[in-house]
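K.L.:
One structure, as structure tokens, below. Some questions next.
Derivation of every value follows stated rules applied to the coordinates shown; laboratory data play no part. Small disclaimer: the values here were computed from a predicted structure and weren't measured. Here Cβ is always computed from backbone atoms with ideal geometry, including for glycine, and neighbour counts include all displayed protein chains.
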Amino acid sequence: MLVIRVAVVGTGAMGKGIVEVIRKFDDMEVVAIADINQNALDQTVPYLKGEALVTKSARAGLPDKPWNPVLLSDHTEISTDNRKMN
């Protein structure tokens with residue numbers, strides 16, 4: 001089975017909601033969440049269904065394991081070229 005691995009940048013109301021929906025699908029996995037607001041991260045962590053990178057800096061990079069799309073749930077302008085957020 002193909003699993004879609006997703007990184008979510010911005011874990012406010014929309015980002016947390018995205019994580020909550022993704023956990024309901026067997027063929028999707030959140031591999032990373034990022035937000036500068038620690039409170040937003042803390043409120044989103046319980047919605048993760050597996051291990052994921054939790055970081056305050058989206059520019060810090062993503063996990064080493066393969067991932068697919070990055071969902072930006074805020075107004076951040078981040079390049080996703082080469083599967084890195086630099």
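K.L.:
Once amide H atoms are built 1.01 Å from N in the peptide plane, which residues 5 or more positions from residue 4, or in another chain, come under 5 Å H to H?
P.N.:
28, 29
K.L.:
Residue 20 to residue 56: extension gain in nm, 0.36 nm per residue of separation minus the Cα-Cα distance?
P.N.:
11.0 nm
K.L.:
Okay, next question. Less than 9 Å Cβ to Cβ from residue 30, Lys/Arg counted +1 and Asp/Glu -1: what total charge do the surrounding residues give?
P.N.:
Here the charged neighbours net out to +2.
K.L.:
Taking θ = phi - 60°, what integer Hz values does the Karplus form 6.51 cos²θ - 1.76 cosθ + 1.60 yield along segment 35-46, in sequence order, with x for Gly and Pro?
P.N.:
Each residue of segment 35-46 in turn: 6, 6, 8, 4, 4, 5, 4, 4, 6, 8, 3, x Hz.
K.L.:
Amide H to amide H under 5 Å from residue 37: which residues, 5+ apart in sequence or cross-chain, H placed 1.01 Å off N in plane?
P.N.:
Here the answer is none, since no amide H 5 or more places off falls under 5 Å of that of residue 37.
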